[in-house]
Every structure is written in C-alpha cells, then in structure tokens.
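In what follows, a single structure is set out as structure tokens and then discussed.
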Amino acid sequence: MRALLVDHSAPSGLRLGETTDPEPAHNQALIRVTATSLNFGEVSHAVSQAPDGTVLGWDAVGVVERAAADGSGPAAGTPVLTLGESGGWAELRAVDTQLLGSAPADTDPGALSTLPVTGTSALRALRRIGSLTGKRVLITGSTGGVGRYAVQLAHLGGAHVIASTGAPDAHGDSLRALGADEVIPGPEHTGALVDAVVDCVGGPQLVQAFEKLAPHGTLVAVGDVTLQPVQFPPGAFLGDGGRHGRSIVTFHLQDGPLPGPDLTWLADRIASADLTPQISWRGSWNQVDEAITALMGRRLHGKAVLDITP
Ligand SMILES: NC(=O)c1ccc[n+]([C@@H]2O[C@H](COP(=O)([O-])OP(=O)(O)OC[C@H]3O[C@@H](n4cnc5c(N)ncnc54)[C@H](OP(=O)(O)O)[C@@H]3O)[C@@H](O)[C@H]2O)c1
C-alpha cells in the first residue's frame, strides 16, 4: 500500500511511498482510508521523534475493507471514523473495533476526518467542566482545531462562550458564527471572571486564564502550543478575596471510555449541521508539504484535510 512515511530528509519530514499492508489482529477491522486530517501534536512532535519509514497519523475515515475476525465491529462496506496512535496516513489501516465510530451515510469523509482528535478532545474537555448551561466559558487557542470545536460544543451546551485568539479582527466573525458570544485578544481581556477555561495554548496564557477563574472554577489544560514556561506569580494559589476552590486539571484525550460512541455522536452532529468541520486547507495527500508548512506557520486556523487520492 501507499502511505505517508516518516522521512527526515523530506521538507515536511514525510513522503508518499510504498510500505507493507497492515496485518489486522483478531479484534481489528481493516479500513480502506479515504481522508485524514493533521493535528498539531503529531506534526510538531511525533514526526520528528519517529524513525524513518514509520506510518503515523491519528485521524482516518474510510470504509471497512475486511471485518474483524472475532466478529466484533461493523461489516465490510460500512463507512467508519477511526482514532489511533499511528497508521492513519495510509491507504489501509488496521483498527481495534472499539476505536471505531459509525459514519453517517452520504457525509463528506473529509469533514468527518476532522473529528477524531480535535472533536473528541473538545467534547471530553468540556465534559470535565460539568453542566455548561449559563456558565461563562473561556476557550484559548479558539481558532485552532480543538478550539473551534470547543466553541461550537460549548455554545450547543448553553454556555456563554468567550473565544480568545491572537487575531480577533481576522477571526472574530468566523468565531461568532460558531457561537462565540465574545471574541477577545487574550485571556486577560475577559472582563468579569469566568467559570471555566478550556486552554489550548499553555504557557503565559494558561497563567493569565487561571487569574480569571471565579471561585470553584476549573481550567482544563488541553494544549501547549507555545512550549513556553508556565510561571505563576507569588500568591497565585492563595484562596483569599473569596477566590478559593479554583483548580487546574490536566487532560488527555485517551483518559476515559473508549472513543467509539463519542465519534459516532460527533459524526451525527456533522451530518445534521449542528457542527461544522472548519476545514481551512484541503488537498491531496501528495500535497502534504504544503499543508504542514501552513500548519506550522500558524496560518491554518482550522483543520487541514488530506484526501487519500489514487
Ligand atoms: N491533551 C490532549 O489529549 C490533547 C488532545 C488534542 C490536542 N492537544 C493539544 O492542544 C493544542 C491545540 O491543538 P490544535 O489541534 O487545536 O492546534 P492548532 O489547530 O494548531 O491550534 C492552536 C491555536 O493556538 C493559538 N496559538 C497561540 N499561540 C500560538 C503559538 N505560539 N503557536 C501556534 N499556535 C498558537 C492559535 O490561535 P491564534 O493564532 O488565533 O491565537 C492556533 O489556532 C496542541 O498543543 C495539541 O497538541 C492535546
């Protein structure tokens, strides 16, 4: 099969090449992949750390080519979404059937391919906050893949959504269209305190966002795109002035139940147009260098989708 192989001599660290087909385990279905999307973490870290020839890729959407030998999971021919730690950037992917979600019929595979990492992360980070109804929720890095789904899902959940972006003039309209009630240039601009934060940026923005938490508020630390130190000022954790009970929780996408039901639920929301995929770059996987340059140059502000073309 063809796949995007790690190749540290290539400009993006990836090249399209031939490799051996995956051999599914008993509990794995073999998927013929039609679309994948790129995520900040795999492009910025995983590619540089993997040996040449590795097939990476977390998100992949396609059709079951061969059902799992143990009888679990969908039958051949079923459209599915998949989430895994590797193997998504390939024509064929072997996936545990418990990691599959059902793809609604007649839904664009490229749109669905934006969901596995970013949609599931946004959903699970917001769940960590609890009920959203009427809460003031700040989302940092709101123009990114996770951020744009977090804005939409928090709005659907009834929150007052405050979207933080480094470029509010450029992205204000699109974020408001997704359900943001306010668009601000950084966490220090929230005005009144917030009940919860989904932080997709880390570094100084995490510190500023924590400063804006109301008593008993929760900051969910999802991302760290800046890789800058997190330095709290003296007294940041004192509960004086009524500002007690605030917490920061670390987050990991795979902490929790297996993602199949969440993938299916999110895919249904795309099919019903309650969520929009926010694709900001789309092309054939043989244009992967272009997509990665845009992603790492901070020019995407949404998802890059690669179609697995012949
Ligand atoms: N813990 C987990 O399980 C988990 C799961 C998924 C993702 N993540 C992490 O969450 C973070 C966000 O992921 P993503 O896919 O949404 O990334 P993304 O699409 O690249 O978006 C990141 C956003 O952060 C903002 N930003 C602010 N400072 C930045 C900087 N110095 N460099 C780049 N962007 C900067 C940008 O918005 P503006 O330019 O508008 O400010 C950008 O849109 C990443 O760190 C990722 O690894 C973690």
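The values are calculated or read from the model by the stated rules, or taken from the named source; none is laboratory data. Given the structure is predicted, the values throughout are model-derived calculations rather than measurements. Please note: Cβ atoms are built from the backbone with ideal geometry, for glycine as well, and neighbour counts cover all protein chains shown. Each accessible area value is taken on the protein alone, full model and side chains, heavy atoms only, with ligands, DNA and RNA left out. Shrake-Rupley method; radii C 1.70, N 1.55, O 1.52, S 1.80 Å.
So here's what we get for this one:
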read-out	value
Where labels lie 7 Å past Cα in the beta-carbon direction, separation of ARG176 and GLN287 in nm	3.1
Added length on full extension, which subtracts the Cα-Cα distance from 0.36 nm per residue, ARG299 to ALA273	6.8 nm
Nearest 10 degrees, 0 to 90: helix 120-129 Cα axis against the chain principal axis	30
Heavy-atom accessible area order for TRP89, TRP58, TRP265, largest first, 1.4 Å probe	TRP265, TRP58, TRP89
Residues GLN98 and ARG66, FRET efficiency given R0 of 22 Å [Cβ-Cβ distance, rounded to 0.05]	0.85
Estimated inter-spin distance, ALA167 and HIS216, nm [label 7 Å along Cα→Cβ]	4.0
Charge dipole (debye, nearest 20) of the chain; +1 at Cβ of Lys and Arg, -1 at Cβ of Asp and Glu	680
Inter-probe distance in nm under a simple model that places probes 7 Å from Cα toward Cβ, at ALA105 and HIS45	4.1
Beta bridges by DSSP in the chain, antiparallel share as percent, to the nearest 5	55
Computed [θ] at 222 nm, helices only, for the chain once each DSSP H run of length n ≥ 4 contributes -39500 (n - 2.57)	-6000 deg cm²/dmol
Amide H contacts under 5 Å for LEU219, placed H, 5+ residues apart	VAL197, SER247, ILE248, VAL249
Whole-number D in µm² s⁻¹ for the chain, Kirkwood Cα-pair radius fed into Stokes-Einstein, 25 °C, 0.890 mPa s	123
Mean Cβ count within 10 Å, highest first, over the residues of peptides 142-153, 67-78, 38-49, 231-242	142-153, 38-49, 67-78, 231-242
